[in-house]
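Chemist: One structure follows; several queries about it will come next.
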């Protein structure tokens with residue numbers, strides 16, 4: 001069943017990438033405001049992204065969090081070129097290389113995580129503590145973003161969006177993985193946390209996208225989301241982490257690759273809301289110029 005979860009997760013991740021690129025294009029045009037609800041393309045992106053997120057939730061019912069969550073990073077290499085296409089340009093070489101570096105680095109880290117299934121169990125005190133930590137991270141990230149500009153601002157906002165998205169995945173894993181065919185288990189306050197945190201994640205994502213640095217914003221979410229989820233799975237749900245000393249060096253190399261790719265994406269210039277039109281400067285005909293002087 002783990003392979004079923006992986007296939008579903010990949011399909012969901014592709015949908016999420018397409019939806020993110022469409023929504024970022026509109027967020028740059030209108031800003032992270034209520035004006036976005038008047039943009040049909042933003043809604044299309046939202047529907048596609050929601051479908052992808054729903055498939056991701058289904059995948060978490062078949063496979064553990066540490067297996068499913070990092071699958072989404074592979075879509076970074078598709079999302080960034082798609083976003084470039086929407087702006088009427090070819091992807092920059094740095095975008096392609098940075099995206100590949102982040103995706104390979106995170107997937108490499110994923111391979112180091114033991115893939116054994118554990119029935120997820122989460123107590124109410126632990127859940128409340130987890131939400132408090134997520135809230136604190138979001139608060140600090142947004143306060144820092146308010147004093148930042150450019151790629152740093154987009155990255156900080158994406159950190160907040162990433163940890164909130166990870167909290168959604170964690171609770172989906174707890175609720176979905178603990179059903180065992182008993183739908184009555186859905187009657188729990190954990191179930192209400194999922195749509196509530198999802199709304200916060202959408203708002204934070206739009207704020208990050210609106211800065212104009214899609215590569216760093218999307219990569220930031222893709223890095224923070226799985227790392228937070230894996231840590232939550234290990235600390236709160238008892239899912240295993242690599243303990244062998246032989247994995248230390250590969251983990252450091254993978255982390256360095258991920259960080260290097262993120263820095264590369266952060267150095268790119270922001271995209272405008274629309275492809276910039278070519279400006280033509282009229283050159284007067286010599287005879288016209290002569291008559292004007294006369």
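The values are calculated or read from the model by the stated rules, or taken from the named source; none is laboratory data. None of these values were measured; they are calculated from a predicted model. Note that we place each Cβ from the backbone using ideal geometry, even for glycine, and neighbour counts take in every protein chain shown.
Chemist: Considering only residues that are surrounded by 14 or more Cβ atoms within 10 Å (Cβ to Cβ) and either touching a strand residue (DSSP E or B) at 6+ places or on another chain (Cβ under 9 Å) or under 22 Å from residue 214 (Cβ atoms) (or both), which ones fall in region 129-153?
Modeler: Hits for region 129-153 are 138, 141, 142, 144, 145, 148, 150, 151, 152, 153.
Chemist: Going by what's in this entry, would residue 255 be described as part of a helix (DSSP H, G or I), crowded, with 24+ Cβ neighbours inside 10 Å and touching a helix residue (DSSP H, G or I) at 6+ places or on another chain (Cβ under 8 Å)?
Modeler: It is false that residue 255 is part of a helix (DSSP H, G or I), crowded, with 24+ Cβ neighbours inside 10 Å and touching a helix residue (DSSP H, G or I) at 6+ places or on another chain (Cβ under 8 Å).
Chemist: May I ask you to list the residues in region 7-30 that are more than 15 Å from residue 214 (Cβ to Cβ) and either modelled with pLDDT of 85 or more or within 18 Å of the chain's Cα centre (by Cα) (or both)?
Modeler: Result: 8, 9, 10, 11, 12, 13, 14, 15.
Chemist: Could you list, ordered by first residue, the pairs with Cβ atoms under 6 Å in which the first is in region 120-133 and farther than 20 Å from residue 68 by Cβ and the second is outside any helix (DSSP H, G or I), at least 6 apart or interchain?
Modeler: What qualifies is 126/236.
Chemist: Name the pairs: first residue in region 43-69 and over 22 Å from residue 186 (Cβ atoms), second residue at pLDDT below 75 and assigned to a helix (DSSP H, G or I), Cβ to Cβ under 7 Å, at least 6 apart or on different chains?
Modeler: From residues that are over 22 Å from residue 186 (Cβ atoms), the pairs are 67/2.
Chemist: I'd like to know if region 200-208 contains one or more residues that are within 24 Å of residue 125 (Cβ to Cβ) and either part of a helix (DSSP H, G or I) or at pLDDT 85 or above (or both).
Modeler: yes
Chemist: Suppose we filter region 209-239 for residues that are assigned to a loop (DSSP other than H, G, I, E, B) and surrounded by fewer than 15 Cβ atoms within 10 Å (Cβ to Cβ); how many remain?
Modeler: 1
This table checks each residue for (1) at pLDDT 75 or above; (2) over 19 Å from residue 221 (Cα atoms); (3) touching a helix residue (DSSP H, G or I) at 6+ places or on another chain (Cβ under 7 Å); (4) in a helix (DSSP H, G or I).
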| residue | (1), (2), (3), (4) |
| --- | --- |
| 67 | no, no, yes, yes |
| 80 | yes, no, yes, yes |
| 88 | yes, yes, no, no |
| 91 | yes, yes, yes, no |
| 95 | yes, no, yes, yes |
| 102 | yes, no, yes, yes |
| 108 | yes, no, yes, yes |
| 130 | yes, no, yes, yes |
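Chemist: Could I ask something else about it? From the residues in region 235-247 that are farther than 15 Å from residue 60 by Cα and in contact (Cβ under 8 Å) with a residue 60 or more places away in the chain, which one is farthest from the chain's Cα centre (by Cα)?
Modeler: 247
Chemist: Which number in (1) surrounded by fewer than 23 Cβ atoms within 10 Å (Cβ to Cβ); (2) over 17 Å from residue 203 (Cα atoms) marks the one condition that residue 43 misses?
Modeler: All conditions are met except number (2).
Chemist: Can you confirm whether region 180-195 contains a residue that is farther than 25 Å from residue 5 by Cβ, at pLDDT 85 or above, surrounded by fewer than 17 Cβ atoms within 10 Å (Cβ to Cβ) and within 16 Å of the chain's Cα centre (by Cα)? Lay out the reasoning, then the answer.
Modeler: Kept after step one, since they are farther than 25 Å from residue 5 by Cβ, are these residues of region 180-195: 189.
Then keep just the ones that are at pLDDT 85 or above; that gives 189.
The next check asks that each one be surrounded by fewer than 17 Cβ atoms within 10 Å (Cβ to Cβ); those that pass are 189.
Next, only the ones that are within 16 Å of the chain's Cα centre (by Cα) stay: none.
The answer is no, given that none of the residues of region 180-195 is farther than 25 Å from residue 5 by Cβ, at pLDDT 85 or above, surrounded by fewer than 17 Cβ atoms within 10 Å (Cβ to Cβ) and within 16 Å of the chain's Cα centre (by Cα).
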